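These notes concern the structure reproduced below.
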Amino acid sequence: MAAPLLCFAVVAAAAFVGASGQELTADYYDEACPQALSAIKLVVGSAIVKEPRMGASLVRLHFHDCFVNGCDGSILLDDTEDMVGEKTSKANNMSVRGFGVIDAIKTAVNTACLGNVVSCADILAVAARDSIVALGGSSYDVLLGRRDATTASLDDADDSIPNPFMDQPELLANFQAQGLSLRDLVVLSGAHTLGYSRCVFYRDRLYNETDTLDPTYAAALDERCPPAGDDEALASLDDTPTTVDTDYYQGITQGRALLHTDQQLYLGDGGDSDALVQYYAENPDKFWEDLGAAMLKLGGLGPLTGEDGEVREDCRVVNRG
């Protein structure tokens, strides 16, 4: 990788624009509900103290929401007689979690704001940021003003959310379809510094990619995840699953990538992706900085603004009437 790319700073736009032409702004709720962000932070912090793993789950909810028709809260909608939503898609079924925490946040925010002011899509974006900060990462300003979708699509979720079995070219193409770059892919994948994965998602790598697995690491995984059965057995995505750090990148370079897609970021071929992984492994301060900028870029994907969509009273269902 050429030196200029290694030194390339992640620059976040000052604002992102929705389809209506209205910009997202950091001070969107300052007048309508100045207590909104502190109410979200309080519930997120309480949830993480109770279960540190929840931080990773809230970050993942935001990511999976944004990759399907933009950051519009559609992932939160329950199925109805007329709509099969995103919760039972291949990437989400029995996998994404944290819906109860989002419900609690919505209730707290509606109380603090004396009404239905803050969208569920904005709650997801702020909860992701607050989770990163609570677990040791650097803070960043979240741009706000998203509105909520009135529909969701299982098919769109299946088509849009990357799966853990993709090779690097397919994974990169998936991100590029969202307007994201290789650097965004590597940085946002660094969110795997938090959380766990189920055996069903890493079994194939464990037993069929032994040439890129550290033997000691593989043996430890083998005790958790047999060749058949125990699909729900969890393993951490890095050695410090409740701390935002660069152990994830260090692990990838040392044969300790849990998922196939994680190892695909470091192929050992000296390419641009390899260089970025090595760079963040060696520069934790830069990772924290660039993660915030990449999360801002993620949060700017296809927001509904202005009169588009709605602000849901209950994040699980569209408003009546």
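Structure above, values below:
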item	result
Residue check for Lys286: without any contact (Cβ under 8 Å) to a residue 12 or more places away in the chain and in a helix (DSSP H, G or I)	yes
Neighbours by Cβ (under 8 Å, 6+ apart or cross-chain): first from segment 158-172, without any contact (Cβ under 8 Å) to a residue 24 or more places away in the chain and within 16 Å of Leu237 (Cβ to Cβ); second of a type in the set (A, V, I, L, M, F, W, C) and assigned to a loop (DSSP other than H, G, I, E, B)	none
Test for Asp274: is it of a type in the set (Asp, Glu) and either in contact with a Pro (Cβ under 7 Å, 6 or more places away or on another chain) or buried (at least 18 other Cβ atoms within 10 Å of the Cβ) (or both)	yes
Check on Cys33, buried (at least 22 other Cβ atoms within 10 Å of the Cβ) and touching a residue at least 12 places away in the same chain (Cβ under 8 Å)	no
Residue tally, condition out of contact with any Ser or Thr (no Cβ under 9 Å at 6 or more places or on another chain) and either in contact (Cβ under 8 Å) with a residue 12 or more places away in the chain or part of a loop (DSSP other than H, G, I, E, B) (or both), over segment 173-182	3
Pairs where the first residue, in segment 198-220, is in a loop (DSSP other than H, G, I, E, B) and the second is open to solvent by less than 40 Å² (accessible area, probe 1.4 Å), C-beta under 6 Å, 6+ apart	Leu213/Gly255; Asp214/Gly255
Residue satisfying all of: in segment 227-267; free of Cβ contacts under 8 Å to residues at least 40 places away in the same chain, in a loop (DSSP other than H, G, I, E, B) and open to solvent by less than 60 Å² (accessible area, probe 1.4 Å); nearest to Leu135 (Cα to Cα) among these	Ala233
Output for segment 38-68, where each listed residue is of a type in the set (Lys, Arg) and over 16 Å from the mean Cα position of the chain (by Cα)	Lys41, Lys50
Some residue of segment 171-193 being among the acidic types (Asp, Glu) and under 16 Å from the mean Cα position of the chain (by Cα)	yes
Segment 90-110: number of residues that are assigned to a loop (DSSP other than H, G, I, E, B), under 18 Å from Ala121 (Cβ atoms) and over 16 Å from the mean Cα position of the chain (by Cα)	0
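Conditions tested, residue by residue: (1) under 30 Å from Lys87 (Cβ atoms); (2) small (Gly, Ala, Ser).
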| site | (1), (2) |
| --- | --- |
| Leu234 | yes, no |
| Arg256 | no, no |
| Tyr280 | no, no |
| Ala294 | yes, yes |
| Glu307 | yes, no |
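Rundown of residues vs (1) surrounded by fewer than 17 Cβ atoms within 10 Å (Cβ to Cβ); (2) not charged (D, E, K, R), yes/no style:
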position	(1), (2)
Gly85	no, yes
Arg97	yes, no
Gly115	yes, yes
Ala125	no, yes
Ala128	no, yes
Val142	no, yes
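One line per residue, one yes/no per condition, for (1) closer than 30 Å to Asp272 by Cβ; (2) at pLDDT 95 or above; (3) surrounded by fewer than 17 Cβ atoms within 10 Å (Cβ to Cβ):
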residue: Ala15; (1), (2), (3): yes, no, yes
residue: Gln22; (1), (2), (3): no, no, no
residue: Leu37; (1), (2), (3): no, yes, no
residue: Ala47; (1), (2), (3): no, yes, no
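The values are calculated or read from the model by the stated rules, or taken from the named source; none is laboratory data. Note that this is a predicted model, so its numbers are computed, not measured. Quick reminder, even Gly has a Cβ in these numbers, built from the backbone with ideal geometry, and neighbours come from all protein chains shown. Surface accessibility is based on the protein's heavy atoms, side chains included, excluding ligands, DNA and RNA. Shrake-Rupley method; radii C 1.70, N 1.55, O 1.52, S 1.80 Å.
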